[in-house]
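The values are calculated or read from the model by the stated rules, or taken from the named source; none is laboratory data. Everything quoted here is computed from the prediction, not taken from an experiment. We place every Cβ from the backbone using ideal geometry, glycine too, and count neighbours over all the protein chains shown. Ligands, DNA and RNA are stripped out before the accessible areas are found, and what is left, the full protein with its side chains, is counted by its heavy atoms. Shrake-Rupley method; radii C 1.70, N 1.55, O 1.52, S 1.80 Å.
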Amino acid sequence: MVQAGGIWLTVQVPVYTAWMIGALVQGIGTAMVYPTLLAAISDVAHPEWRATAMGAYRFWRDLGYALGALISGIVADLLGMRAAIQVVAFFTFLSALHVAIRMRETHGATSRQNVVTVSQPVD
């Protein structure tokens with residue numbers, strides 16, 4: 001949601017200072033998203049199929065980049081660049097809302113038995 005707020009700010013307020021603040025907020029949001037999603041997958045994926053889970057996640061994430069670029073281009077052609085960026089902010093917000101509703105903490109007091117511990121160093 002922080003990332004979506006930064007994107008939205010850059011298009012809503014046509015002042016250079018607001019763009020700089022929006023870029024900062026967007027960067028902070030992006031820095032919060034990337035390692036968190038990778039860690040969430042690692043937390044729930046068994047070591048035997050963790051690499052496959054990470055590959056599937058990265059495939060769908062990268063496909064989202066491609067589809068997002070196509071959708072943004074179409075919206076920009078039809079409605080203008082401002083509308084295209086607003087659509088990106090909207091989809092980013094929807095994604096955050098989806099994660100907030102659907103994802104659950106995996107390391108809570110009731111899920112400690114799901115944590116895989118390693119007693120020997122891994123090569």
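Take the residues in region 27-60 that are open to solvent by 80 Å² or more (accessible area, probe 1.4 Å) and polar (S, T, N, Q); name whichever of them is nearest to residue 93 (Cα to Cα).
Here the answer is 36.
Residue 11: open to solvent by less than 70 Å² (accessible area, probe 1.4 Å), in contact with a Lys or Arg (Cβ under 9 Å, 6 or more places away or on another chain) and touching a residue at least 24 places away in the same chain (Cβ under 8 Å), yes or no?
On the way: open to solvent by less than 70 Å² (accessible area, probe 1.4 Å): yes; in contact with a Lys or Arg (Cβ under 9 Å, 6 or more places away or on another chain): yes; touching a residue at least 24 places away in the same chain (Cβ under 8 Å): yes.
Criteria met by residue 11.
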